[in-house]
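Student: Sending over a structure as structure tokens; questions will come in a sec.
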Amino acid sequence: MNSKLLGHLACFIAYSIFGINIIVCKDLMGGHLISPMAIFCFRSMGAGLLFWLISFFLPTEKINRKDYIKIFGASVLGFFLTQITFLMAIPDITPMDCSIVSAISPILTMFIAAFALKEPITMRKAGGVALSFFGIIFLILNSVSVTDSSRQTSIVGILLIIANCLSFSLYLGLFKPLIARYSVVTFMKWIFLFSTLFSLPFASKEIFTFDYSTLSATYVSELAYLIVCATFITYFLIPVGQKRIRPTLVSMYSYVQPIIATTISIILGMDTLGWQKVLAALMVFGGVMMVNFSRSAKG
């Protein structure tokens, strides 16, 4: 298969899984049975174990000593901060609003990559950023809080998703050269080992004292989806894309998320489509398109 085509396919599948994951996490976090930090630790340990198991069947790959610090930084930005802010945000934002806010990720990634490459900022780029920014502000001003906790959005939830986008954009824009040096399995097994060691002290008490017999079959299956599909598979596929296509193109596949998450959330009655959300989405996506179709946008 053509290398670039493989990169695009890997990103499409990964972000499709992320789209479904918004709905799964909304239901998972709605029960408030396990804290966001403990769920993160389960994801990190579960996916890490799978990557380490696979690595035993592959040729040993040596890591440059100096790169361990960089891999730790990639672990903090690309997994710990990205996922903990997402899990903390989910109870306070609807799936549709989460998808709308997440659409700013390509803009953040482009400007981070542009800064590293010294790419000039055009008037169209500036205008696109401004339009998306006003779209997010409009969404914040029109956020509502209702009795049904599955259908509420708060400013805190929106800000946490913005932090989620920023941390993942930094990961995409800053660590492409590092990712290119190692195989996906080698890179990811260390990413998840570092994130587990980082989070375990904060979650160990809950993990070892929790009464797991109280968990329903649905909750366990959703947790399994989160670990296997939305962590192990996606974090295997994204580096495949990062190796083959530019960071901005990788982040542009976040456009797949709103289509999937919004459709499912409306069908399940977890969200409603009002004119305010339509207008906010048009402003955000319009700004993103202005930035990405700017003449100086090479990624």
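Student: Going by what's in this entry, would Lys70 be described as more than 26 Å from Gln152 (Cα to Cα), among the basic types (Lys, Arg), at pLDDT 85 or above and more than 13 Å from the chain's Cα centre (by Cα)?
Tutor: yes
Student: Can you name the residue in segment 205-254 that is in contact with a helix residue (DSSP H, G or I) (Cβ under 6 Å, 6 or more places away or on another chain) and of a type in the set (Lys, Arg) and is also farthest from Leu170 (Cα to Cα) among such residues?
Tutor: Arg244
Student: Suppose we keep only residues that are out of contact with any Gly (no Cβ under 7 Å at 6 or more places or on another chain), in contact (Cβ under 8 Å) with a residue 60 or more places away in the chain and among the aromatic types (Phe, Trp, Tyr) within segment 207-228. Which one would you say is nearest to Ile20 (Cα to Cα)?
Tutor: Tyr225
Student: Collect the residues in segment 179-190 that are under 15 Å from Val240 (Cα atoms) and either crowded, with 16+ Cβ neighbours inside 10 Å or touching a His at 6+ places or on another chain (Cβ under 7 Å) (or both), keeping them in residue-number order.
Tutor: Within segment 179-190, Ile179, Tyr182, Val184, Val185, Thr186, Phe187, Met188, Lys189 meet the criteria.
Student: Look at Phe57 and say whether it is farther than 16 Å from Leu197 by Cβ and out of contact with any Cys (no Cβ under 7 Å at 6 or more places or on another chain).
Tutor: yes
Student: Something else: Conditions first: (1) surrounded by fewer than 24 Cβ atoms within 10 Å (Cβ to Cβ); (2) of a type in the set (Asp, Glu); (3) part of a helix (DSSP H, G or I). Glu61 passes all but one, so which condition is the exception?
Tutor: Glu61 satisfies every listed condition except (3).
Student: Restricting the search to segment 19-47, which residues are surrounded by 19 or more Cβ atoms within 10 Å (Cβ to Cβ) and more than 20 Å from Lys205 (Cα to Cα)?
Tutor: Those that are surrounded by 19 or more Cβ atoms within 10 Å (Cβ to Cβ) and more than 20 Å from Lys205 (Cα to Cα): Gly19, Asn21, Ile22, Ile23, Val24, Cys25, Lys26, Leu28, Ala47.
Student: Of a type outside the set (Lys, Arg) and over 15 Å from the mean Cα position of the chain (by Cα): which single residue out of Phe57, Phe86 fits that description?
Tutor: Checking each option against the conditions leaves just Phe57.
Student: With farther than 21 Å from Thr196 by Cβ, in a helix (DSSP H, G or I) and either at pLDDT below 90 or more than 14 Å from the chain's Cα centre (by Cα) (or both) as the only criterion, which of Ile23, Ile39 stands out?
Tutor: Just one listed residue meets the conditions, Ile23.
The values are calculated or read from the model by the stated rules, or taken from the named source; none is laboratory data. The shown structure was predicted, so the numbers you read here are calculated from the model rather than taken from an experiment. Note that each Cβ is placed from the backbone with ideal geometry, even for glycine, and that neighbours are counted across all protein chains shown.
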